[in-house]
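The values are calculated or read from the model by the stated rules, or taken from the named source; none is laboratory data. Keep in mind that this is a model prediction, so the values were computed, not measured. Note: ideal-geometry Cβ built from the backbone for every residue, glycine included; neighbour counts use all protein chains shown. Ligands, DNA and RNA are stripped out before the accessible areas are found, and what is left, the full protein with its side chains, is counted by its heavy atoms. Shrake-Rupley method; radii C 1.70, N 1.55, O 1.52, S 1.80 Å.
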Amino acid sequence: MLDAEQCWEAVRRRDRGFDGLFFFGVRTTGVYCKPSCPARQPLRRNVRFYSTTAAAEREGLRPCKRCRPESAPGAGLTRIHELCRYIETHRDEPLTLEHLAAYAGLSRFHLQRTFKAAVGLSPKQYADACRVQSLKGALKESKDVAAAVYEAGFGSSSRVYERSDARLGMTPNRYRQGGRGLQITYATAPSPLGLLLIAATDRGVCFVQFGKTATALREALSQEYPDAALEPMRQPPSREFHRWMEGLRRYLEGGQPILALPLDVRATAFRMRVWNYLQTIPYGEVRSYRDVAAALGKPTAARAVARACASNRVALAIPCHRVIRGTGELGGYRWGLDRKRALLAMEKAQL
Ligand SMILES: [Zn+2]
């Protein structure tokens, strides 16, 4: 998740790995630039950050003639998303940082840093997370733990057992028994679209939902994770939790298009693919259920895509609100059509 501090660091380093992830405007010159702009660096106090060129231009800024920020808007983020897709589809191969850097056309150093800034995980952690997601899905569906382990690309069950304490938080067999022993911390906060509950394991965010009351939200959380130990976040919340909450709040106010929370969600392989795809739909854009199905190579699976959207547990971070009917109608939304309409209008207004 990019915050002002990270953006300023990238500007100071003229880090081209961040080009397209954000833009910075300089009040005193009336110009906006890419992070890598070779021109003289402005003073921090005169700088503001923008997620899109349109947002910078709305404030009356002109594109810089040296770095031409308008020429490749969004390129950086698209590259990171492409890399995520690549990792997901090659998760049963050993992926080295060299290999991924060559694929992305970045130095290893840049890749590591920009990937982490945009996704919240290093490429290696992301690859491991993909394998774990796939394993979780397979474990829920399969009776045979060994087969599920192989299917998820771990290669051998000893490797997954070595890692499972650090990844699944429990061994595969216990996971199948309903995730008993899982510690989930949660907190509620008001938001422009109503009360919001965010919950996380120590691996990442597992639940973001809107609701009428704190009690109803807690009830929904406990239905989703019946065997987990649920604990309210201590006050003040941990730094990480606070950052996630702040990110969501800024997003809902239209101030932060990139909402890359580290996620800890489990699902079947197909749902996981749908959710991953949803995260590549650009801010302010929509796709139809059919588009998503076609993009996943299953053109007849539009209904299954709709069900995957409806079963999303992390609102906003997995932007299921960006999928609508082919006719242009909004379709459904787990948290109400008014919210879906408001989210889409908010995103559109920022472009
Ligand atoms: Zn410039």
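Across the stretch 243-250, computed HN-Hα scalar couplings (Karplus, 6.51 cos²θ - 1.76 cosθ + 1.60, θ = phi - 60°) run 4, 5, 4, 4, x, 5, 5, 5 Hz from first to last residue, x flagging Gly and Pro. Expressed as a whole percent, how much of the Cα-Cα distance distribution for the stretch 269-350 exceeds 14 Å? Value for the stretch 269-350: 57 percent of Cα pairs lie more than 14 Å apart. Counted residue by residue at 0.36 nm each, then reduced by the alpha carbon distance between them, the extension gain from Ala189 to Arg334 reaches 50.3 nm. With bins 5 Å wide beginning at 0, the percent of Cα pairs of the stretch 4-63 falling in each bin runs 4, 21, 36, 27, 11, 0. Projected label points at Arg62 and Thr213, each 7 Å from Cα along the beta carbon direction, are separated by 5.9 nanometres.
For the stretch 211-319, the list of trypsin sites (Lys or Arg not before Pro) that fall in a loop by DSSP and count at most 10 other C-beta atoms within 10 angstrom reads Lys212, Arg234.
Rounded to the nearest 0.05, what FRET efficiency do Tyr103 and Ser71 give with R0 = 22 Å and r taken as the Cβ-Cβ distance? Could you check? Approximately 0.45, to the nearest 0.05. Restricting the calculation to Cα atoms, the stretch 183-252 shows an Rg/Rh of 0.93 when the hydrodynamic-style radius is the Kirkwood one.
Rounded to the nearest 5, the antiparallel percentage of DSSP beta bridges internal to the stretch 183-252 is 75%. The DSSP beta bridges internal to the stretch 1-130 are antiparallel in roughly 70% of cases.
Rounded to the nearest whole Hz, the Karplus-based 3J(HN,Hα) values (6.51 cos²θ - 1.76 cosθ + 1.60, θ = phi - 60°) of the stretch 225-233 follow the sequence 10, x, 9, 8, 8, 9, 9, x, 5, with x at glycine and proline.
In the full protein context, the stretch 183-252 carries 50 Å² of accessible surface per residue, based on a 1.4 Å probe and ignoring ligands, DNA and RNA.
Note on Ala294/Ala39: beta-carbon distance plugged into 1/(1 + (r/R0)^6) with R0 of 35 Å gives a FRET efficiency of 0.20. In this structure the amide hydrogen of Val323, modeled in the peptide plane, comes within under 5 Å of the amide hydrogens of Arg287, none closer than 5 places in sequence on its chain.
Extension gain for Ala54-His90 works out to 9.4 nm (0.36 nm per residue, less the C-alpha to C-alpha distance). Judged by the gyration tensor of its Cα atoms, with axes a ≥ b ≥ c, the stretch 217-320 is oblate; a/c meets the 1.5 cut and b/c is at least as large as a/b.
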